[in-house]
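Below is one structure, written out as structure tokens; comments come after it.
The values are calculated or read from the model by the stated rules, or taken from the named source; none is laboratory data. What you see is a predicted model; the values in this text were computed from it and never measured. Positions of Cβ are backbone-derived with ideal geometry, glycine not excepted, and every protein chain shown enters the neighbour counts.
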Amino acid sequence: MTIFYVALAVLMFGIMITVHELGHFVAARLTRIPVRAFAVGFGPALVKWTSKKHETEFAIRAIPMGGYCAFYGEDDIDGKYKDDPRNFGIHAVWRRFITVLMGAVMNLVLAFLVASLFYALSGVPRITGPYTTRIMSVGQGSPGELAGMQPGDRIARVNDVAITDNLSHVIATLAEADAFPMKVVVERGEGDALTQHEMMLTPLYDTHEGRYLIGINIQQAAPVTWQRGNPMEVLQAGYRLCVDAGSAILNGLRDLLLRGKGMGDVSGVVGVTRFIVEETRQAKLEGYLYLMSVISINLGLFNLLPIPGLDGSRLLFLVWEGVRGKPVKREAYVHAIGMLFLLGLMIWINFRDILRLFQ
């Protein structure tokens, strides 16, 4: 059964990368840029043929984990295609820009379609009651846990001050308390099973953060039921999922690149495959589709980063070429070095993922 789920994970990667490369291919055809080769998968070719009209080699290869779209003269370090009319670099900047950009765009389109399919199958969330502010999680060994707080609790009073269900009011009341320990009353349960619990809470001062911490995650939420939606509701929910996931991914990338925050949580193909297998086992098709949507957004946005070797760097060079009116020298070397760096980074991350499998 594990092999089946691993195969599903491999299929997911294959679909996402093939769609990415298909974006480059279709854009190249539309802008009349010759494509040297287009392949689904890597490794030995199972089936291979050449289009005489377009001089493009098509192939289906043995390892169904990705694919590629190659152009004549792309990263032409040795100058082999310098005077070739098929050379990628001789075409108008705007044509090349669209061709490079469409790979990431297709990943975002795929994410939207898959997210919409997810909501079509699982239903769309509908709010069925008023918003309340509750504790969503309690850190292990935190002051909140030591005081007796539990996920699902609603903070009712702090030092005899009544708390509303406004999230800002809850946070402000906790932050403004000047006497420790604080007397906190929480409500637990619903309806006839509702109980109140009084506890003493002593926040812990974090010298790194420069503030007192309780170790709880408070969120404002309302009861939700999942119901079948009409086509417009399904598309709107799919769009919201993509926007929310995209925002979270961009914030995570910002923290990772600027602060090094979350470096230990970065996973490669091995780690992501393991996560897909575990989640698909539990959530079945709906979970698989949800993950595919989020990972596809991740792939599209990551490719747009201005890191040498990625599409974002190529786009940056094209903008610079358009501004100065001539190609940037040594661009191919920059991308080659970037690809070597990314390859080394991925090897290290995947090696770390493999070590985690045995921990």
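Against the definition (within 30 Å of Ser313 (Cα to Cα), assigned by TED's automatic domain parsing to the domain that holds Leu22, out of contact with any Lys or Arg (no Cβ under 6 Å at 6 or more places or on another chain) and not in a strand (DSSP E or B)), how does Leu101 come out, yes or no?
Yes: the conditions hold for Leu101.
What do you reckon, is Met136 outside the structural domain of Val185 (by TED's automatic domain parsing), more than 26 Å from Phe317 (Cβ to Cβ) and either surrounded by 16 or more Cβ atoms within 10 Å (Cβ to Cβ) or touching a residue at least 12 places away in the same chain (Cβ under 8 Å) (or both)?
No; evaluated as a whole, the condition is false for this residue.
Please find, among Leu305, Leu316, the residue that is among the hydrophobic types (A, V, I, L, M, F, W, C), closer than 22 Å to Arg95 by Cα and not in a helix (DSSP H, G or I).
Numbers: Leu316 fails: not in a helix (DSSP H, G or I).
Matching residue, one of Leu305, Leu316: Leu305.
Of the conditions (1) free of Cβ contacts under 8 Å to residues at least 60 places away in the same chain; (2) over 24 Å from the mean Cα position of the chain (by Cα); (3) loosely packed, with under 13 Cβ neighbours inside 10 Å, Val334 clears all except one; give me its number.
(3)
Which one is surrounded by the most Cβ atoms within 10 Å (Cβ to Cβ) among residues in region 24-45 that are touching a Lys or Arg at 6+ places or on another chain (Cβ under 7 Å) and not in a strand (DSSP E or B)?
Looking at residues that are touching a Lys or Arg at 6+ places or on another chain (Cβ under 7 Å) and not in a strand (DSSP E or B), I get Ile33.
Starting from region 246-260, take each residue that is surrounded by 14 or more Cβ atoms within 10 Å (Cβ to Cβ) and list its partners that are in a helix (DSSP H, G or I) and among the acidic types (Asp, Glu), counting only C-beta distances under 9 angstrom and pairs at least six apart or across chains.
If the second residue must be in a helix (DSSP H, G or I) and among the acidic types (Asp, Glu), the pairs left are Gly252/Asp265; Leu256/Asp265.
Restricting the first residue to region 68-88 and requiring it to be closer than 17 Å to Arg330 by Cβ and crowded, with 16+ Cβ neighbours inside 10 Å, which pairs with a second residue that is modelled with pLDDT of 70 or more and among the polar types (S, T, N, Q) meet a Cβ separation below 8 Å and a spacing of at least six or different chains?
Cβ pairs passing all conditions: Gly73/Asn87; Asp76/Asn87; Tyr81/Asn87.
Please state which one of Ala39, Ala27, Ala62, Ala70 is farther than 30 Å from Val270 by Cα, within 29 Å of the chain's Cα centre (by Cα) and either at pLDDT below 90 or of a type in the set (Gly, Ala, Ser) (or both).
When all the criteria are applied, what remains is Ala27.
Mind listing whichever residues of region 215-240 are part of a loop (DSSP other than H, G, I, E, B), at pLDDT 85 or above and not basic (Lys, Arg)?
Once the filter is applied, which keeps residues that are part of a loop (DSSP other than H, G, I, E, B), at pLDDT 85 or above and not basic (Lys, Arg), region 215-240 yields Gly215, Gly229, Asn230.
Scan Gly129, Gly144, Gly152 and give me the residue that is surrounded by 20 or more Cβ atoms within 10 Å (Cβ to Cβ) and either touching a residue at least 40 places away in the same chain (Cβ under 8 Å) or not in a helix (DSSP H, G or I) (or both).
The conditions single out Gly144.
For region 46-57: of the residues being within 26 Å of Ala92 (Cβ to Cβ) and in contact with a strand residue (DSSP E or B) (Cβ under 8 Å, 6 or more places away or on another chain), which is surrounded by the most Cβ atoms within 10 Å (Cβ to Cβ)?
The extreme case among them is Thr56.
Could you identify the single residue in Gly268, Gly309, Gly325 that is modelled with pLDDT of 80 or more, in contact with a helix residue (DSSP H, G or I) (Cβ under 7 Å, 6 or more places away or on another chain) and either assigned by TED's automatic domain parsing to the domain that holds Ser116 or surrounded by 15 or more Cβ atoms within 10 Å (Cβ to Cβ) (or both)?
Of the residues listed, the single one that is modelled with pLDDT of 80 or more, in contact with a helix residue (DSSP H, G or I) (Cβ under 7 Å, 6 or more places away or on another chain) and either assigned by TED's automatic domain parsing to the domain that holds Ser116 or surrounded by 15 or more Cβ atoms within 10 Å (Cβ to Cβ) (or both) is Gly309.
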